[in-house]
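Take a look at the structure below.
The values are calculated or read from the model by the stated rules, or taken from the named source; none is laboratory data. It should be emphasised that the depicted structure is a prediction, and the values quoted were computed from it without experimental measurement. Note: ideal-geometry Cβ built from the backbone for every residue, glycine included; neighbour counts use all protein chains shown.
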Amino acid sequence: MIRLAGARIYDPAHGIDGVIRDLFIEGGRIVAAPRPGTHIDEEYDLAGRIVMAGAIDLHTHIGGGKVNIARAMLPEDHRDSAFARTGITRSGSGVVAPSTFAAGYRYVEMGYTACFEPAMLPVNARQAHMEMGDTPIVDKGGYALLGNDDFLLRMMADGAEQKLINDYVAWTLHATHCIAIKVVNPGGISAFKFNARSLDIDEPHPHYRVSPRAIVTTLTRALHDLRVPHPLHVHSSNLGVPGNVASTLATIEAAEGLPIHLTHIQFHSYGTEGERKFSSAAASIAEAIDRHTNVSADVGQIMFGQTVTASGDTMAQYRNASHAHPAKWMCMDIECDAGCGIVPFRYRDSNFVNALQWAIGLELFLRVKDPWRVFLTTDHPNGAPFTSYPHLIRLLMDRNFRNEKLAQIHPEAAAHSQLAALQREYSLYEIAIMTRAAPARSVGLSDRGHLGAGAAADITVYRDIADRENMFSAPEYVFKDGELVARDGAIVKVTRGATHVVRPDFDHGIEKRLRDYFERYHTIGFDNFAIAADELDRFGSREILVHPCTRPAP
Amino acid sequence: MQKPDIVRAQEFDNVPCPFCGLLCDDLGISAAAGTVTVRANGCEKSRTLFAAHAQSTTTPSVDGKASTLDEAIARATAILRAAKRPLFLSAGTDVAGMRALIELAELTKGIVDHANREAMFRNLRVLQDTGWISTTLTEIRNRADLLVVAGTQVSNRFPRLFERCFGDFDTLFDTRPRELIFLGARADDLPLPLKSRSTSLAIEPLRIAELFGGLRALLRGRTLLTNEIAGVAIEKVMVLLERMRAAKYGVLTWAASEFDFAHSDLAVQAMCELVKELNAKNRFAVLPLGGSDGDLTAMQVTTWQTGFPVCVDFGRGVPSQAAPNYPPDILIERGEVDALVLVCAFDADRIATSPNIPSIVLGRAGPPPGHCNAYIPVSVPGLHHPGHLFRTDNVVAMRMRQLVAAAHPAANEVLQKILDALREAG
């Protein structure tokens, strides 16, 4: 048994806000305080330290085909960041497109213990699981991409019953070993293959005549009916387009009151005011999120510097390709299923648009009132690499620091933004909500993201340093499933992480229909498509953890 | 009355074929008494390689003399322990084999590379310099109304490409008129319905860049003061361009492996840039063909584990991209590497060794290999053991199946044993 003694505990799932108490770990789990006299094998004196559950990133592109293309495209990201093998760790490289080993180590060194890859194309899921298997220590999970696949759009065009669509969604979760479903630019990736260059929320798809709104409504309903814990994860229409606030608000309406998660909402909160026809619509988006308690969001904050955008949204990536820095880019149409596009990008604080994007993201964080419904992300690597989280946390917690940075950006952007007027500073408790308790609850991990008895002992111990960037960069101790895996920002032990999935019940009758479809149209057979559980083991996953689908029925 | 015992053939359907980058997964295979026969949907290559050396009883050897597996592994370990800069070369292995090969290179401060590196770099340089708009097999099968093939060897190297992606079958979308244009020479084994819809322009691969440079100029509306481009009459070039501009969803494909001339990456680049530019009005995409001998599999694994796609040097401990201009034979000739580990699990005929370097070969059982100090026959992923390979379009990772019992260990198992032995030695 391990005792973590005397730390200040932040455990929002249990309403614990900075209470000093001991934690006990046994068999990889947090356990209740033992009877007096129980033998303690190891004790950590944590007086003056801050303890939270291991952090959870519910939206980070760490594995799969497009990430690997980004790596291959960017030797310049790897040359100067390469590191060698040690007695316990493997070698690797990369900042904005880190190698799998690099991603696992860096996350753990920052106190993160679970990462969710939000865009797993069903046809590419096997590769994504391979890469996640090679991402050490942290737990992983994936969101399967639907909503641009011919099978779904065809069913919708034919007026299929919701029940049949639910079966297909559930089958997809099983076949790909995913924990949630994401839609990227609903219908838009497919429309781009039919030579459409934009697809607004109520515009019929050029081939199927189905609207993005209908796709969102149908998939939202499916996940609700299947009681999948995480609601539909939506990358809305019109990413990056000035004025897209309208389609973002319409997307919220499309959920018809059912739970929905809007991802990287910063990229979808743009107005058209001002001389440059580009303005912040953060206030109206934040107001809509506050008002609709069925909505959660992650921000997708941008940070200034070099990164690479890796997205399933070929329509948006093609539109933005002329901004590529360095000047190279790729797009790919994939298997009548989805797509992907890679555009390297440098965000500049001296650029009006980029500076305003930065301010819009922060505005959203500060304006949305409920920290349980807004999560800390940079949409790694699209807004910035995940290694910038400690800096972002300081921006949220330290108003003076934030205003100093605001003074450095393009002055017109600063003038257009109302950021300076926002007084809010996030508390440690609120940070613990948005990086632990809330994402765990949202994704459906009942035994992660909190420090109650029975929880997995994924625990991060910080020194209480006034400079919160410093504090969150290199926690003193990180425990994964009860084992000490990092100390002072360095890996001390390498373990294998688990894979989190859901497996909702469904009528297997859909498989006959799918088999016929695959045999007739695809270049991979039905029998070779679904991933077998033992494959994940070969890829390096410690185990598959199946979470129940138990959201209350309507 | 009971019939006499006969060995019943085992029948397999929807079998994926590991022997070229297409990974066709619709094969019907019969296996009985050590004989493997492709009974449906194969090509000549798959028929040959599924059946090859089925009866082979080749044993490991050390310095040309038959040995036990343990003796051969011990010899391999000793060679690697003494080596300062070993070269680990795949000429065919699966994901698990590549993972082990990379870790060995990392542990011994060696280089990990693939035998098809030259061809891989022809495409990679373009991806790393300007990029492309690409597509995948199922998109072509259901969407493409025009397929332009640059080169003359696509159907030899990827035998069922046209049959599986461009034949006469039901498609999800309207693909009429489904035309096929060969820039080089028409494939002589085309399915009949495609023959009638195909045309060809005679052009040397060496002049592809010139042709596409001309096409790009014409697309921009420039007037060219010439009667021909790359040996093709300007009228014909104009017709080609107009056809490409009229495509609803056009695809341009090539096999970089046949572009065996200096700076052929510039030909690939010219093709990719034209296709990008066509997208200003219509949809068009490229399909760079590859994936045979596990080359894209090697690239994928090497990329996600090290950050660099192929030819990775751990000489300074950290992974770095080795100079692309120094292929294995030159490194060996110049003495810049001092041991060779070659893995070649698909086709024993691809095993190529050099007498000038201590060599360890993990190869498919077959005819005795040339010079090598430790030879270990390994089983074939997709025939003797399950495993994973990546398809030509870099998207589909296919699980290979075990069809018959393995007489030899998988490459990954042997490499893991060598890794363990080296780790023990410290």
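Applying a threshold of 7 Å to beta carbon distances and a minimum spacing of six or more residues, or different chains, the list of pairs starting in the range A:489-502 at a residue that is more than 19 Å from A:Thr387 (Cβ to Cβ) and ending at one that is outside any loop (DSSP other than H, G, I, E, B) and acidic (Asp, Glu) reads A:Lys493/A:Glu483; A:Thr495/A:Glu483; A:Ala498/A:Asp139; A:His500/A:Asp139.
Residues are listed down the side, and each one gets a yes or a no for (1) among the hydroxyl-bearing types (Ser, Thr, Tyr); (2) farther than 30 Å from B:Thr392 by Cα:
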residue	(1), (2)
A:Asp464	no, yes
A:Asp488	no, yes
A:Tyr517	yes, no
A:Asp527	no, no
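Of all the listed residues (A:Phe375, A:Phe365), the sole one being touching a Pro at 6+ places or on another chain (Cβ under 6 Å), closer than 22 Å to A:Ala286 by Cα and surrounded by 20 or more Cβ atoms within 10 Å (Cβ to Cβ) is A:Phe375. Where strands (runs of 3 or more DSSP E) fall entirely within the range B:296-358, those with at least 3 residues that are within 11 Å of chain A (Cβ to nearest Cβ) and at pLDDT 95 or above are at B:312-316, B:318-321.
For the range B:20-35, give me each residue that is in a strand (DSSP E or B) and more than 14 Å from every other protein chain (Cβ to nearest Cβ). It would help to see each step written out before you state the result.
Just the residues of the range B:20-35 that are in a strand (DSSP E or B), to begin with: B:27-32, B:35.
Those that are in a strand (DSSP E or B) and more than 14 Å from every other protein chain (Cβ to nearest Cβ): B:Ser30, B:Ala31, B:Ala32, B:Thr35.
The condition (being touching a Ser or Thr at 6+ places or on another chain (Cβ under 9 Å), buried (at least 19 other Cβ atoms within 10 Å of the Cβ) and either aliphatic (A, V, I, L, M) or over 26 Å from A:Gly142 (Cβ atoms) (or both)) is satisfied by just one residue among A:Ile215, A:Ile201: A:Ile201.
Residue-wise test of (1) more than 14 Å from chain A (Cβ to nearest Cβ); (2) in a loop (DSSP other than H, G, I, E, B); (3) over 22 Å from B:Pro367 (Cα atoms).
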| site | (1), (2), (3) |
| --- | --- |
| B:Pro18 | no, yes, no |
| B:Thr37 | yes, no, no |
| B:Ser46 | yes, no, no |
| B:Thr58 | yes, yes, no |
| B:Glu71 | yes, no, no |
| B:Thr77 | yes, no, yes |
| B:Lys84 | yes, yes, yes |
| B:Ala96 | no, no, yes |
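Condition first: over 27 Å from A:Arg448 (Cβ atoms), buried (at least 24 other Cβ atoms within 10 Å of the Cβ) and hydroxyl-bearing (Ser, Thr, Tyr). Can you find one or more residues in the range A:132-142 that meet it? No, the range A:132-142 has no match at all. Selection of the range A:513-554 for residues being more than 9 Å from every other protein chain (Cβ to nearest Cβ), of a type in the set (Ser, Thr, Tyr), surrounded by 19 or more Cβ atoms within 10 Å (Cβ to Cβ) and closer than 27 Å to B:Asp170 by Cα yields an empty set.
Scan the range B:256-276 for residues that are of a type outside the set (S, T, N, Q) and within 12 Å of chain A (Cβ to nearest Cβ) and report the count.
Residues in the range B:256-276 being of a type outside the set (S, T, N, Q) and within 12 Å of chain A (Cβ to nearest Cβ): 4 in total.
In summary, B:Gln128 fulfils each of the numbered conditions (1) crowded, with 23+ Cβ neighbours inside 10 Å; (2) within 14 Å of another protein chain (Cβ to nearest Cβ) with the single exception of condition (1). B:Met238 meets all of the listed conditions (1) more than 19 Å from B:Gly151 (Cα to Cα); (2) touching an Asp or Glu at 6+ places or on another chain (Cβ under 6 Å) but one, namely (2). In the set (1) in a loop (DSSP other than H, G, I, E, B); (2) facing chain B (nearest Cβ under 10 Å); (3) of a type outside the set (A, V, I, L, M), the condition left unmet by A:Asn124 is number (1).
Residue count for the range B:154-189 under the criterion of being more than 14 Å from chain A (Cβ to nearest Cβ), closer than 17 Å to B:Val286 by Cβ and out of contact with any Lys or Arg (no Cβ under 8 Å at 6 or more places or on another chain): the result is 5.
Might you check whether a residue that is out of contact with any Phe, Trp or Tyr (no Cβ under 6 Å at 6 or more places or on another chain) and either of a type in the set (Lys, Arg) or surrounded by fewer than 24 Cβ atoms within 10 Å (Cβ to Cβ) (or both) occurs anywhere in the range A:179-189? No: zero hits.
Give me a count of the residues in the range B:415-426 that are out of contact with any Gly (no Cβ under 9 Å at 6 or more places or on another chain) and either closer than 15 Å to B:Ala345 by Cβ or in a loop (DSSP other than H, G, I, E, B) (or both).
Kept after step one, since they are out of contact with any Gly (no Cβ under 9 Å at 6 or more places or on another chain), are these residues of the range B:415-426: B:416-426.
Imposing the further condition that a residue be either closer than 15 Å to B:Ala345 by Cβ or in a loop (DSSP other than H, G, I, E, B) (or both) reduces the set to B:416, B:426.
Count: 2.
The single condition among (1) modelled with pLDDT under 90; (2) touching a helix residue (DSSP H, G or I) at 6+ places or on another chain (Cβ under 6 Å); (3) among the small types (Gly, Ala, Ser) that B:Ala185 does not satisfy is (2). Checking B:Thr93, B:Thr35, B:Thr58, B:Thr108 one by one, the residue that is at pLDDT below 95 and buried (at least 19 other Cβ atoms within 10 Å of the Cβ) is B:Thr58 and no other.
Please pick out the residue among A:Val501, A:Val494 that is within 14 Å of chain B (Cβ to nearest Cβ), surrounded by 13 or more Cβ atoms within 10 Å (Cβ to Cβ) and of a type in the set (A, V, I, L, M). Lay out the reasoning, then the answer.
Values: A:Val501 fails: within 14 Å of chain B (Cβ to nearest Cβ).
Residue meeting the stated conditions: A:Val494.
Of the residues A:Ser93, A:Ser81, which single one is within 14 Å of chain B (Cβ to nearest Cβ), free of Cβ contacts under 8 Å to residues at least 40 places away in the same chain and in contact with a His (Cβ under 7 Å, 6 or more places away or on another chain)? Checking each option against the conditions leaves just A:Ser93.
Go over the candidates B:Ala72, B:Ala76, B:Ala66 one by one and state the one that is surrounded by fewer than 24 Cβ atoms within 10 Å (Cβ to Cβ) and either farther than 20 Å from B:Val268 by Cβ or free of Cβ contacts under 8 Å to residues at least 24 places away in the same chain (or both). Within the list B:Ala72, B:Ala76, B:Ala66, the selection yields B:Ala66. Of the set (1) of a type outside the set (D, E, K, R); (2) within 30 Å of B:Ala411 (Cβ to Cβ); (3) surrounded by fewer than 24 Cβ atoms within 10 Å (Cβ to Cβ), all apply to B:Thr302 but (3).
Being under 14 Å from the mean Cα position of the chain (by Cα) and not in a helix (DSSP H, G or I), is that true of even one residue in the range B:278-286?
So in the range B:278-286, the residues under 14 Å from the mean Cα position of the chain (by Cα) come out as none.
Within the range B:278-286, none of the residues are under 14 Å from the mean Cα position of the chain (by Cα) and not in a helix (DSSP H, G or I).
Just checking, which of A:Gly87, A:Gly63, A:Gly28, A:Gly37 is within 14 Å of chain B (Cβ to nearest Cβ), more than 25 Å from the chain's Cα centre (by Cα) and of a type outside the set (A, V, I, L, M, F, W, C)? Outline the logic, then answer.
Values: A:Gly63 fails: more than 25 Å from the chain's Cα centre (by Cα); A:Gly28 fails: within 14 Å of chain B (Cβ to nearest Cβ); A:Gly37 fails: within 14 Å of chain B (Cβ to nearest Cβ).
Matching residue, one of A:Gly87, A:Gly63, A:Gly28, A:Gly37: A:Gly87.
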